[in-house]
Amino acid sequence: MFDGRVDADLVERSLAASTFGSMWLDILRPDYPPLTGPVTCDLLVVGGGYTGLWTALHAIERNPGARVVLIEANRIGWAASGRNGGFVDASLTHGAENGKARWPKEFDTLSAMGVENLDGMQADIDRLGLNTDWQRNGMLLVATEPHQVDWLRDAAAEDGGRFLDTHQVQAEVNSPTYLAGLYSADTCAIVHPARLAFELARACQDAGVQIYEHTNATRLDSSGSTLRVDTGAAIVTARHAVLATNVYPSLLRRNRLRTVPVYDYVLSTDPLTDVQLDRIGWRSRQGIGDCANQFHYYRLTMDNRIVWGGYDAVYHFGRRVDAGYEDRPSTYRLLATHFFITFPQLDDIRFSHRWAGAIDTNTRFCAHWGLARDGRVAYVNGFTGLGVGAARFAADVCLDLLDGAPTPRTELQMVRERPLPFPPEPLASVGIQATRWSLDRADHSAGRRNIFLRTLDALGLGFDS
Ligand SMILES: Cc1cc2nc3c(=O)[nH]c(=O)nc-3n(C[C@H](O)[C@H](O)[C@H](O)COP(=O)(O)OP(=O)(O)OC[C@H]3O[C@@H](n4cnc5c(N)ncnc54)[C@H](O)[C@@H]3O)c2cc1C
């Protein structure tokens with residue numbers, strides 16, 4: 001479907017005035033000071049994205065009066081948490097299919113915990129009065145290839161949701177590429193990603209968390225019952241620590257091969273006029289995704305821009321996180337082309353922003369946890385492309401693990417198991433490129449997976465975004 005042709009001039013024109021950088025971060029944000037002198041605390045949180053912020057907030061709510069310090073190498077929410085699509089999905093397993101295949105016995109529990117987490121997040125946002133543009137409008141999965149229609153029909157029968165035929169789905173959102181849809185009303189919200197991070201930071205500070213920006217943890221040592229974290233300018237002495245550093249090099253060497261950075265690219269349009277919006281409908285303002293292996297995700301903002309991302313998940317040899325990978329003209333052209341194939345009636349639309357971010361991908365496509373240094377350090381990594389909702393659950397798991405007493409969360413097989421690491425280079429690169437190539441082939445041959453993908457499936461290994 002996305003092989004269709006679009007006038008190259010239209011694509012160039014549409015991107016010509018776009019600004020490079022996350023549209024979400026184009027708002028006023030609070031400043032926090034750098035750490036300049038030694039500090040002692042009960043809990044040190046390293047990383048100021050959603051995971052670190054939820055950890056700090058819930059830690060101080062569990063233990064009012066505890067000294068909780070959060071340090072962020074750059075700015076709060078500047079990384080994945082300020083660049084994502086803002087889809088807050090209930091899934092903790094990067095979708096039902098992945099969860100069922102890996103943890104069939106506990107999948108129902110994982111699903112229930114995922115919905116509980118989404119409801120809990122909504123309740124936290126309401127309780128704390130966080131201004132995040134939260135909209136619980138549900139998720140519309142669309143089929144754009146004939147073989148995907150039956151997938152959606154089967155998913156509706158197995159996992160719930162309302163199957164929509166071609167006429168019904170196009171009545172919701174008018175794209176000629178849609179062949180069918182699956183609408184799930186309760187399991188997804190959309191949010192302003194950067195506001196969520198900034199508002200969580202405000203709530204943390206209100207609750208007594210000390211936040212320091214421009215404070216990079218370079219080394220973690222332990223002696224006796226204390227941890228020492230070096231930030232260059234100061235030493236933090238802590239009883240416990242949570243490492244919420246996502247795709248960035250872990251302070252624990254053992255974690256370095258567990259994930260790889262995969263670049264995900266996004267465009268945002270100018271706000272649609274009422275006339276432009278009328279051409280496509282989308283009155284229910286659901287989040288939308290297509291169900292290819294290489295998928296697009298898109299949603300409306302409060303001021304009616306379309307944020308349009310996905311498809312071209314790129315891994316670069318050497319596993320580096322590097323801002324130089326972000327401005328990738330060929331990918332933005334591809335995304336714009338697919339946009340106009342999806343919405344040909346919006347050929348007068350221009351893109352205002354283009355940006356990218358690194359996704360923390362592991363071989364099981366969803367978060368994994370662990371403890372280090374005699375149980376005094378907890379870590380979580382590997383959200384792959386679905387961490388906005390899962391980060392809150394992950395934070396609770398980290399705090400449970402540090403507390404030490406078993407909880408329904410820490411008893412989960414998903415939490416107790418670690419994924420297999422990726423191999424070192426050059427094998428990682430060869431394997432990931434072969435997987436991407438095979439996934440693309442599967443998307444173009446009625447979803448049929450080749451022997452390479454079937455072998456990875458059998459081993460429980462893979463690559464996703
Ligand atoms: C383009 C894009 C689109 C996405 N879309 C979605 C989506 O729609 N829905 C969804 O569920 N997920 C999505 N994701 C994934 C989601 O954004 C992430 O899973 C989530 O934001 C992870 O939050 P985090 O706090 O773990 O990581 P981050 O937001 O990356 O925060 C980690 C922080 O740790 C800091 N840090 C690292 N090392 C150190 C150190 N040594 N010392 C101090 N600080 C350190 C970093 O500076 C960074 O700020 C998307 C991701 C990207 C990149």
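The values are calculated or read from the model by the stated rules, or taken from the named source; none is laboratory data. For clarity, every value in this text was computed on a predicted model and none was experimentally measured. Heads up, the Cβs are rebuilt from the backbone with ideal geometry, glycines too, and the neighbour counts pull from every protein chain shown.
Odds and ends about this structure:
- Screening Gly99, Gly52 for residues that are out of contact with any helix residue (DSSP H, G or I) (no Cβ under 7 Å at 6 or more places or on another chain) and either surrounded by 15 or more Cβ atoms within 10 Å (Cβ to Cβ) or in a loop (DSSP other than H, G, I, E, B) (or both) leaves exactly one candidate, Gly52.
- Subset tally (residues that are surrounded by fewer than 24 Cβ atoms within 10 Å (Cβ to Cβ), among the hydrophobic types (A, V, I, L, M, F, W, C) and under 25 Å from Trp134 (Cβ atoms)) for the stretch 57-66: 1
- The single residue among Leu220, Leu272 that is part of a strand (DSSP E or B), more than 22 Å from Asn63 (Cα to Cα) and either more than 14 Å from the ligand (Cβ to nearest atom) or in contact with a strand residue (DSSP E or B) (Cβ under 8 Å, 6 or more places away or on another chain) (or both) turns out to be Leu220.
- Residue match in the stretch 326-340 (condition: surrounded by fewer than 16 Cβ atoms within 10 Å (Cβ to Cβ) and of a type in the set (Phe, Trp, Tyr)): no
- Test: Ala241 is more than 9 Å from the ligand (Cβ to nearest atom), touching a residue at least 12 places away in the same chain (Cβ under 8 Å) and surrounded by fewer than 21 Cβ atoms within 10 Å (Cβ to Cβ): no
- Any hit, the stretch 356-368, residues being within 30 Å of His240 (Cβ to Cβ) and charged (D, E, K, R): yes
Each row is one residue, and each column tells you yes or no for (1) more than 16 Å from the ligand (Cβ to nearest atom); (2) over 18 Å from Asn98 (Cβ atoms); (3) part of a helix (DSSP H, G or I).
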position: Gly387; (1), (2), (3): no, no, no
position: Ala391; (1), (2), (3): no, no, yes
position: Ala395; (1), (2), (3): no, yes, yes
position: Pro406; (1), (2), (3): yes, yes, no
position: Thr410; (1), (2), (3): yes, yes, no
position: Phe422; (1), (2), (3): yes, no, no
position: Ala428; (1), (2), (3): yes, yes, yes
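- Residue match in the stretch 58-66 (condition: modelled with pLDDT under 95, of a type outside the set (Lys, Arg) and under 15 Å from the mean Cα position of the chain (by Cα)): no
- Candidates in the stretch 169-186 are the residues that are in a strand (DSSP E or B) and in contact (Cβ under 8 Å) with a residue 40 or more places away in the chain; of these, the one that is surrounded by the most Cβ atoms within 10 Å (Cβ to Cβ) is Gly181.
- Within the stretch 68-83, residues that are acidic (Asp, Glu) reach partners that are near the ligand (Cβ under 7 Å from one of its atoms) and not in a loop (DSSP other than H, G, I, E, B) with beta carbons closer than 9 Å, at six or more positions or on different chains, in the pairs Glu72/Val46; Glu72/Gly52.
- Taken together, the criteria exclude Asp31 from residues that are among the acidic types (Asp, Glu) and not in a loop (DSSP other than H, G, I, E, B).
- Residue, nearest to Gly49 (Cα to Cα), within the stretch 1-25, restricted to residues that are assigned to a loop (DSSP other than H, G, I, E, B), in contact with a helix residue (DSSP H, G or I) (Cβ under 9 Å, 6 or more places away or on another chain) and at pLDDT 95 or above: Ser22
- Residues within the stretch 352-385 that are among the small types (Gly, Ala, Ser) and away from the ligand (no atom under 12 Å from the Cβ), tallied: 5
- Pairs with Cβ under 9 Å, 6+ apart, first in the stretch 365-389 and within 12 Å of Ala80 (Cβ to Cβ) and modelled with pLDDT of 95 or more, second among the acidic types (Asp, Glu) and more than 10 Å from the ligand (Cβ to nearest atom): none
- Positions within the stretch 104-124 being in contact (Cβ under 8 Å) with a residue 60 or more places away in the chain and either in contact with a Gly (Cβ under 8 Å, 6 or more places away or on another chain) or aliphatic (A, V, I, L, M) (or both), in sequence order: Leu110, Met113, Gly114, Val115, Asn117, Leu118, Met121
- Restricting the stretch 275-312 to residues that are closer than 21 Å to Ala80 by Cβ and of a type in the set (Ser, Thr, Tyr), the residue that is nearest to the ligand (Cβ to nearest atom): Tyr297
- When residues of the stretch 67-96 are limited to those that are more than 6 Å from the ligand (Cβ to nearest atom) and either assigned to a helix (DSSP H, G or I) or modelled with pLDDT under 95 (or both), the one surrounded by the fewest Cβ atoms within 10 Å (Cβ to Cβ): Ala96
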